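S.K.: Questions regarding the structure given below will be posed in turn.
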Amino acid sequence: MEIKNGIPVSPGVAIAPAYVLDSESFRIPKRFIRKDEVEVELKRFSIAREQAVAEVRDIRDSVHSVAKDEVGLIFDAHLRMLEDPMITREIPEKIKQKRYTPEYAVSRVFKKIIKPIKEIGDSYFGQRVNDFYDIQKRLLRNLLGQQGQNISKFARKVIVVAHDLTPSQTATLDKRNVAGFVTDVGGPTSHTAILANALGIPAVVGLGTMSSDVSGGDLMIVDGKTGRVLINPDEATRAKYEAKSESYHEREKRLADAAAKAERKTKDGSAVNLYANIELDDEIEHAVELGADGVGLFRTEFIYSKFGAHPTEEQHLEVYKKAHAALAGRVLTLRTMDFGADKYAAEVGLEKEDNPFLGCRSIRLSLREPQLLVTQVRAILRCATLGPTRMMLPMIGSIEEFRAARQIIDTVKQDLAREGVQHRADVPLGMMVEVPSAAVCIDSFLEESQFFSIGTNDLVQYTLAVDRNNQYVANLFKHTNPAVLRLVRGVIKACNAAKRPVSVCGEMAGESHFAMLLLGFGLRDFSVGPTSLAELRTLISRITVAEAEAFADKAMGIGLADEIHNLLEAEVERLLPSSEFG
Ligand code: PEP
Ligand code: MG
C-alpha cells in the first residue's frame, strides 16, 4: 500500500480502480491480449517505435539546421533511448510473455525506468525524467493514433488519475461512474477543483507525480476531506475507508435534515440569503432542491465549450431560459464571460500569454472583442423577460473599465429597442470585486455599480500574489490573511453603509468557518457551491448576529492567518459538533 498526501478540494471518500490519463490525456488501461493477437500487437509496437524514431530525427535535424547544437544533443539522447534494450527488448517481451497490450507494456516499463531516477531527487536527473516522459508520450501517441479516450462514458466506477484536467474535461466527466479524481497539479480554488465540488465528486489535487506512479486498474482510495490518497490498500484499510464513506453520507443526510428544519435566518432573526454558484446549467434544479434562494453566480463560461468558441445569441438564450425555468421566479445572476487563464482559454483558442492571470482575461477580453460581449448581453437582456435577472461584470479593476462595459451594454439596449426585440432594459448591472484595486477604491464604485459580489478566489490570489492553481504555493493561499480580511470587511461595510447589495461568491463563502466571519462583518447574502448549502443554513440558524460580530472582532484582533483559522474551526465545532454530525 502506498499513501500520498495532496490538497483536498472536494469532500467525500471514493474507492475504485484507477483510470489513468497521461498529461496528453491518453488512456492507459491495464489490458491483456489473446495469444493469437501477440504477433499483430508486436508489429503495432514496432511501427509506433519506428515512427517515434523518425519524428525525433526530424526534430533533431531541424534544430541542427539552426545551429542549436546543445538542443540537438538532447534529441540525439532521445534517439539513443529509443534504441535502448529496455525499449527494444523489454517492451516486446512483456507483450509476448505477459500478454500486455503495447500501451500497458510501455507504461509499465517506463515506470520501472523512471522510478529509481526520480528517487535520486537531483535536478540533473530530474531533467532526465522529463526526457523519459517525453519519449513515453511519443510512443503512446503513436500507438494510440487519433483514438483519444472518451472520459464522458465509463462502463464501471473509476477514479480518474491525470496530470491535470481542464475545466471542460472535468465538466464532461461521466458523473455516474467517476467516483473521484486526483491530479498531479492544481490549487485549492482552481476551476477544476470548483467543478469537482459542484459535481459532488471527491477530489484531491497537487499530488506531484501521481499520474505516473499509478497504473490503470490499481485500487485507490481518495479522501477528499483530508487530501489522503491510498494506492492498493490492504483489506483492513479498505474496510476502514468504506465505513468512513458511509459516515460521510450519513453526515450529509443529517445536515440536509437539519437544514430543512432550520429557519432561513440567524438565531436572533436576521434574514440571510443563500444563493448558489452554478457552473453547468443542469445543476440548477438540484441547487433549488437543496434550498438555494436563487443563483448568485452563474459562471457562463461553459457555454463556450458546449457550443464552441462563438455561441450564438439563441444558444445563450437557450441556456438562460432553461435556468429561469428551473429557478421558478428566483433570481438569476448571470456573470458575463470570464475566460482566460485557467478557464477555457485553450477551448476558445486564446493565444498563450506569459502571465495569463495578469493578462487579457475576462472583462479585458470582452472589451478587446466587444462582439463577444454584445452577443451575450443581448441574450441576457432578452431572458430577463422570463424572471428576475441580474448581470454581473467580472474582474473589474477600474472605473474606466466598468464604464466602457456599461457603454457597450447601453448600446445593446438601444439596438434591441430599435429592432423591436422583447427585452428588459432595467436589468441591474453589478460587478465582481476580485481585483484589489476595486476593493481598495470601493467607495468610487458605489455610484457606478448597482450591486457587488466579492470574488475571494481571485481576490486572495491577487492580494497575496499566490497563484490559485499552483500546488507549490497552495499553503500560502490563505483566506484568513489579515490583508484579505481587511479588504473583504471594507467592501462589505462600504456597501452596507451605501445600501448597495453585496454578496461573497468566492469559495470562502461556502466554508462554515469563514462564513461565520463574513456574517460578523455584516454579510447577509452568500453565494456558494450547492453542496455547501445545507451546512451553511444549519450553522447560520444556530448563531446570533451579536455572537458573529464579537467573533469577527476577536479574529481581526489576532492578525495571524493560522491563529484566526484555528479560532474559527473551534467555533464551528461548537455550533456543529462532531457528536451530532459525525
Ligand atoms: C472568484 O474569483 O472568487 C470567483 C467567484 O470567480 P471565479 O472563481 O469564477 O474566478
Ligand atoms: Mg474570479
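Throughout, read-outs are computed from the coordinates displayed, never taken from laboratory work. Quantities reported herein were computed from a predicted structural model and do not represent experimental measurements. Neighbour counts run over all protein chains shown; Cβ positions are idealised from the backbone, glycine included.
S.K.: Of all GluC sites (Glu not before Pro) in region 387-483, which ones are in loop regions per DSSP and have a Cβ with at most 10 other Cβ atoms within 10 Å? Can you show the working numbers first?
M.R.: Details: sites: E400, E401, E419, E434, E447, E448; in loops: E434, E447, E448.
Loop-located and lightly packed - E447.
S.K.: For the residue pair R34 and A77, what label-to-label distance in nm results when each label sits 7 Å from Cα along the Cα-to-beta-carbon direction?
M.R.: Going by the 7 Å Cα→Cβ label model, 4.4 nm.
S.K.: Then there is this: For M337, enumerate residues with amide H under 5 Å from its amide H, sequence gap 5+ or separate chain, H modeled in the peptide plane.
M.R.: Residues meeting the criterion, in which the H sits 1.01 Å from N, do not exist here.
S.K.: Under the 0.36 nm per residue contour assumption, what length would be gained going from the current alpha-carbon distance of K157 and C441 to full extension?
M.R.: Numbers: separation 284, 0.36 × 284 = 102.24 nm, distance 4.98 nm.
Additional length available on full extension: 97.3 nm.
S.K.: Here is a follow-up. What distance in nm lies between label points placed 7 Å from Cα along the C-beta direction at S46 and E90?
M.R.: Taking the simple label geometry, S46 and E90 are separated by 2.2 nm.
S.K.: Taking a ≥ b ≥ c as the square roots of the Cα gyration tensor eigenvalues, with a/c under 1.5 meaning rounded and otherwise prolate when a/b beats b/c, else oblate, which class fits region 273-427?
M.R.: oblate
S.K.: Turning to a different aspect of this structure: Could you pull out every one of the lysines with an alpha carbon less than 20 Å from that of K94, ignoring same-chain neighbours closer than 8 positions?
M.R.: K30, K35, K43, K111, K112, K115, K137
S.K.: Okay, moving on. Relative to the present Cα-Cα distance, how much length would full extension add between R418 and A271 at 0.36 nm per residue of separation?
M.R.: Numbers: separation 147, 0.36 × 147 = 52.92 nm, distance 4.17 nm.
That pair, R418 and A271, stretches by 48.8 nm at full extension.
S.K.: If you don't mind, another one. Report the charge-dipole magnitude of region 286-399 in Debye, nearest 20, computed about the Cα centre from +1 at each Lys and Arg Cβ and -1 at each Asp and Glu Cβ. Spell out each step's value before the answer.
M.R.: Details: 14 positive and 13 negative charges, 65 e Å.
Here region 286-399 has a charge dipole of around 320 debye.
S.K.: How would you rank K352, K413, going from fewest to most other Cβ atoms within 10 Å of each one's own Cβ?
M.R.: Working: K352 8, K413 17.
Fewest-to-most Cβ neighbours within 10 Å comes out as K352, K413.
S.K.: For region 394-401, what does the Karplus curve 6.51 cos²θ - 1.76 cosθ + 1.60, with θ = phi - 60°, yield as ³J(HN,Hα) per residue in whole Hz, taken in order and with x for Gly and Pro?
M.R.: Per-residue couplings from phi come out as x, 6, 5, x, 8, 4, 4, 4 Hz.
S.K.: For R228, which sequence-distant residues (separation of 5 or more, or a different chain) have an amide H within less than 5 Å of its own amide H, given hydrogens modelled in the peptide plane?
M.R.: Amide H to amide H, under 5 Å and 5 or more residues apart or across chains, R228 pairs with G6, D223.
S.K.: Between E250 and K493, how many nm apart are label points set 7 Å from Cα along the C-beta direction?
M.R.: 4.5
S.K.: Helix 482-497: angle to the longest alpha-carbon principal axis of the chain, degrees 0 to 90, nearest 10?
M.R.: Around 40 degrees separate the two axes.
S.K.: Using only the alpha-carbon atoms, how far is helix 370-383 inclined from the longest principal axis of the chain? Give it as 0 to 90 degrees, nearest 10.
M.R.: 60
S.K.: Moving to a separate point now. At 222 nm, what value in deg cm²/dmol follows for the chain if DSSP H runs of at least 4 each add -39500 (n - 2.57) and the sum is divided by all its residues, to the nearest 500?
M.R.: Numbers: 23 runs with 283 residues, N = 582.
Theoretical 222 nm ellipticity from helices: -15000 deg cm²/dmol.
S.K.: Please identify which residues in region 478-497 have an amide N closer than 19 Å to a label point set 7 Å out from the Cα of R406, following the Cα→Cβ vector.
M.R.: Taking a point 7 Å out along Cα→Cβ of R406, the residues of region 478-497 whose backbone N falls under 19 Å are 494-497.
S.K.: Additional query: What is the distance in Å between the Cα centres of region 274-294 and region 463-534?
M.R.: 20
S.K.: Indicate the gyration tensor shape class of the chain (rounded, prolate or oblate), computed on the Cα atoms with a ≥ b ≥ c the square roots of the eigenvalues: a/c under 1.5 is rounded; otherwise a/b larger than b/c is prolate and the rest oblate. Provide the component values of the computation, followed by the final result.
M.R.: On the way: a/c = 2.00, a/b = 1.54, b/c = 1.30.
Judged from the Cα gyration tensor, the chain comes out prolate (a/c at least 1.5, a/b above b/c).
S.K.: Run through the DSSP bridge list for region 273-427 and note the antiparallel percent, rounded to the nearest 5. Walk me through the numbers before you get to the answer.
M.R.: Numbers: 1 of 12 bridges.
Expressed as a percentage, antiparallel bridges in region 273-427 total about 10.
S.K.: Right, next: Have a look at the DSSP beta bridges in the chain and tell me what percent are antiparallel, nearest 5. Provide the component values of the computation, followed by the final result.
M.R.: Values: 20 of 57 bridges.
The antiparallel fraction comes to roughly 35 percent.
S.K.: Which entries of K267/K306; K261/K322; K265/K322; K265/K478 show an alpha-carbon separation above 32 angstrom in the structure shown? Please list the in-between numbers first.
M.R.: Details: K267/K306 43 Å; K261/K322 29 Å; K265/K322 29 Å; K265/K478 28 Å.
Over 32 Å Cα-Cα: K267/K306.
S.K.: Tally Lys and Arg at +1 and Asp and Glu at -1 over the other residues with C-beta under 15 Å from the C-beta of L230: what net charge comes out?
M.R.: Values: positive: K4, K225, R228, R238, K240, K244; negative: E2, D213, D218, D223, D234, E235, E242.
With Lys, Arg at +1 and Asp, Glu at -1, the net is -1.
S.K.: Another one. Would you list which aspartates and glutamates come within 19 Å of K352, measuring only between C-alpha atoms, while excluding same-chain residues fewer than 8 positions from it?
M.R.: Here the aspartates and glutamates satisfying the reach criterion relative to K352 are E24, D164, E301, D338, D342, E369, D467.
S.K.: For each of D218, D562, count neighbouring Cβ atoms within 10 Å of the residue's Cβ, then give the residues from fewest to most. Please report the intermediate quantities before stating the final value.
M.R.: Values: D218 17, D562 11.
With the sparsest Cβ surroundings first, the list reads D562, D218.
S.K.: Could you please rank E103, E511, placing first whichever residue has the fewest other Cβ atoms within 10 Å of its Cβ? Walk me through the intermediate numbers first.
M.R.: Values: E103 23, E511 19.
Exposure proxy ranking, most exposed first: E511, E103.
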